[in-house]
């Protein structure tokens, strides 16, 4: 085979491998699954496709992928600094979300749920860790389709048994050759049935579980079954890495540089590219340094200090990374003048049908000022009402305060224009029953249909 027959990475938004014997997969842009669409109209897998083989080009781009999208902030850092794909791996998710080792605790649902939050937070393509597909071949198909809906650009599938073990650790066992290959075939079928071009990365753990020769056989079989990228975990030497890259030359190979001490030699990206690798993953860098940084910060706080200047970003830098500036800029597009703002809430449960219709369909949200009728002497039992103040406080169900307003108690006729939920409440009767000498008395305390807590005090 001609090893030079490969695609060139002209843009970070192209990262999908393919082979001359296979037609290009159809784009997800024709699907109704809007979660896969980006602002540039390209799909996640199209933004992750610089490894697609094209006879017209002579070179493929070398891709550096870091694990770190276990957190939204880490994913944003990958986007801002490397602008490269992120790997959403089980080790990091187990550590960050569960505080547990990567020994099979994570379920399919947890990976998809957490992963969707990450893919929606960033524009970089994210490769998801599908573990062993969470069951048989039918479960593999469900996993692939779920990862597509979650917005992943790629999925890594391995040949371990259940419960699986973490890479570079003891106790790894793999399924039979036949079952391992069927998993990849099922993944390819799921992709084709979905009309999407998610990148399928086929991983074998047989190097550590069985032998190097077995891992080469499985990698070749995975390539023949339609995998876009192949990956042997825990290769033990540079020679093994070179031999791996010589099988199926047109199929991209992935290397895993386990920082901190794994079984695979740590090589530079240049050395890996010279051997024939097209993707390198750094799974622990961001997680490892963040764990150390948290320990250092907590040690400092325990000693009565705060982290030293330079050891953490400033508050302004944090806000910029998290997108505050972009939010404020976009918020201006929808700003309204203060005169047109107002408060409206759902109404209380006790009222008649006419009041219900009025409160649910207010004509406008402007606060109406009612001019009261002024009484003198003892002509009205509420002659002393103007000396009292009503305080209306509304707290949303999320715990945030929505309104804290004080008005003269004489404005009873206009209070429902401020808070429609008070329609049907006899405020005059409540005031009449209140002790004139008691300040701060709670006249009313209830929750409306939206879950907001409404409290009315007499001061």
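Values in this text are rule-based calculations from the coordinates and carry no lab data. In this text, all values refer to a predicted model and were calculated from it rather than measured experimentally. Every residue, glycine among them, receives a Cβ derived from its backbone with ideal geometry; neighbour counts consider all protein chains shown.
Order of 276-282, 314-320, 134-140 by packing, highest average Cβ count within 10 Å first? Show your work: numbers first, answer last.
On the way: 276-282: 22.0, 314-320: 11.1, 134-140: 16.6.
Ranking the peptides 276-282, 314-320, 134-140 by packing returns 276-282, 134-140, 314-320.
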Ascending count of other beta-carbon atoms within 10 Å, so fewest first, for 219, 285, 94: 285, 94, 219
Alpha carbon centroid spacing (whole Å) that separates the range 302-341 from the range 179-208: 42 Å
Distance (nanometres) between label positions extended 7 Å along Cα→Cβ at residue 320 and residue 224: 5.5 nm
Projected label distance in nm at residue 142 and residue 113, using a 7 Å step from Cα toward the beta-carbon: 1.6 nm
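Between residue 450 and residue 103, how high is the FRET efficiency from 1/(1 + (r/R0)^6) when r is the Cβ-Cβ distance and R₀ = 30 Å? Nearest 0.05.
Numbers: r = 44 Å, r/R0 = 1.47.
Given R0 = 30 Å and the Cβ-Cβ separation, E is 0.10.
Tell me, what is the FRET efficiency for residue 459 and residue 285 to the nearest 0.05, using R0 = 56 angstrom and their Cβ-Cβ distance as r? Before the final figure, lay out the partial values.
Values: r = 59 Å, r/R0 = 1.05.
Once rounded, the FRET efficiency stands at 0.45.
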